[in-house]
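The values are calculated or read from the model by the stated rules, or taken from the named source; none is laboratory data. If you're wondering where the values come from, they're calculated on a predicted model, not measured in any experiment. Every residue, glycine among them, receives a Cβ derived from its backbone with ideal geometry; neighbour counts consider all protein chains shown. Protein only, heavy atoms only, side chains kept; ligands, DNA and RNA dropped before computing areas. Shrake-Rupley method; radii C 1.70, N 1.55, O 1.52, S 1.80 Å.
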Amino acid sequence: MKTIRTGDQNLVKQLNKSIVFNFIEHKGPVSRAQISKDTGLNKATVSTMASELINDSFIYEIGEGQSSGGRKPVMLYFNNHAGYSIGIDLGVNYILGVLSDLRGNIIEEETRSLNDSKLDNVIGHLTAVIESLVKKAPVSPYGVIGIGIGVPGNVDKDDKILFAPNLNWKQVDLKQIIENRFHIPTKIDNEANAGAHGERLYGAGKNIANLIYVSIGIGIGTGIIINNNLYTGSSGISGELGHVTIEASGRKCPCGNRGCWELYASEKALLTAAEEQHLLEKDHAEGLDCLIKEAQMGNPGVLQQLNRLGEYIGIGLVNIVNTFNPEVVVIGNRIARFKHWIINPITHILEERLSPYHKSNTEIRFSELGKHSIAIGAASFSISKFLEDKRVSVQ
Ligand SMILES: [Zn+2]
């Protein structure tokens, strides 16, 4: 007979606990009997693990007695208020912060505009937003479990910001600055990676294993999810698809290349084209709002520009679909506000240029988390880590 060592027994116990926790998190509310039936664990084991999880505050139960006909079983619920996570979308001219529960529901929200992207100024506003969200967090067993910040730039595997061109930042260790100030684990990532993670957990990409999130704002960035995992490349800076060439001898890009996708298909491209066509005053403070209004009123010049923008977005998407064969492409960030006017030209280009196989296997969706996509995504990094740390798994 094989002797089970203490270590093994501990591992078995941790595994069983993880199975029960997973089941309640994803299928709850559920009774102990149902967990036993569906997982194959015996009832005594389920009861012991459930008691431990209740003591840990990860789950709670709601008692019997609501039914007139027979006794209703006690149901177990995942405790999404066991702790809270802070997520920040650090934009070029704004900071959007959210406090979320462990299911990605927004509990509090705070926005500030930035008129100066100098590091000291941004850090001042950023810490003020985080401080305010920490104060607003309800009392909970685990408190604020983490802070996530999505930034418009390249972030390496150690969370250091290598280069954020639109903020004009180089080599900034933002993680260290925030952790020194708040003593809460902090994760910094590229905004498109944050958006991809958020949409996959809570938005338009739920349960999708192979997904590309295309963040179209001032520039274009992409978050790549392959087999349920974020693909970050060898040093953390993959996904610069805004700089794939779509016009061989096109305009010169600050990145060094020519004819980059983001020069033709981004918010900046739209605003520049609208200014050139005299559809918009130069440096209009509310340029996008103004174009939306004009499009709603049927301004033919604006509609033409949006049609062109949609076609250019479509051309870049053809490259993405041919490269990654994703199940879903999610278009997010501010350009998603133009969904009604760009979806047809995008679809038209994909129909025209993709092979039949790719066409039938890829779906284009727009962000469901809308303007919160990056902030919720940033918050979701800490939530995933917090919950994963409580589990063991055998691959
Ligand atoms: Zn470029």
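Computed quantities for the displayed model
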read-out: Among (1) modelled with pLDDT under 95; (2) touching a strand residue (DSSP E or B) at 6+ places or on another chain (Cβ under 6 Å); (3) within 14 Å of the ligand (Cβ to nearest atom); (4) not charged (D, E, K, R), the one test that Tyr231 misses; value: (3)
read-out: Matching residues, the stretch 234-248, being within 17 Å of Asn319 (Cα to Cα) and more than 12 Å from the ligand (Cβ to nearest atom); value: Ser238, Gly239, Ala248
read-out: Of the criteria (1) under 27 Å from Leu15 (Cα atoms); (2) at pLDDT 90 or above; (3) open to solvent by 50 Å² or more (accessible area, probe 1.4 Å), which one Phe381 fails; value: (3)
read-out: Checklist (1) open to solvent by less than 100 Å² (accessible area, probe 1.4 Å); (2) over 23 Å from Ala196 (Cβ atoms); (3) within 14 Å of the ligand (Cβ to nearest atom) applied to Ala269, failing item; value: (2)
read-out: Residues (under 13 Å from the mean Cα position of the chain (by Cα) and in a helix (DSSP H, G or I)) located in the stretch 169-198; value: Glu191, Ala192, Asn193, Ala194, Gly195, Ala196, His197, Gly198
read-out: Count - residues of the stretch 218-231 that are crowded, with 24+ Cβ neighbours inside 10 Å and not hydrophobic (A, V, I, L, M, F, W, C); value: 4
read-out: Residue match in the stretch 249-260 (condition: more than 16 Å from the ligand (Cβ to nearest atom), open to solvent by 60 Å² or more (accessible area, probe 1.4 Å) and free of Cβ contacts under 8 Å to residues at least 60 places away in the same chain); value: no
read-out: Test set (1) within 30 Å of Asn322 (Cα to Cα); (2) touching a strand residue (DSSP E or B) at 6+ places or on another chain (Cβ under 8 Å); (3) not in a loop (DSSP other than H, G, I, E, B) - Leu201 fails condition number; value: (2)
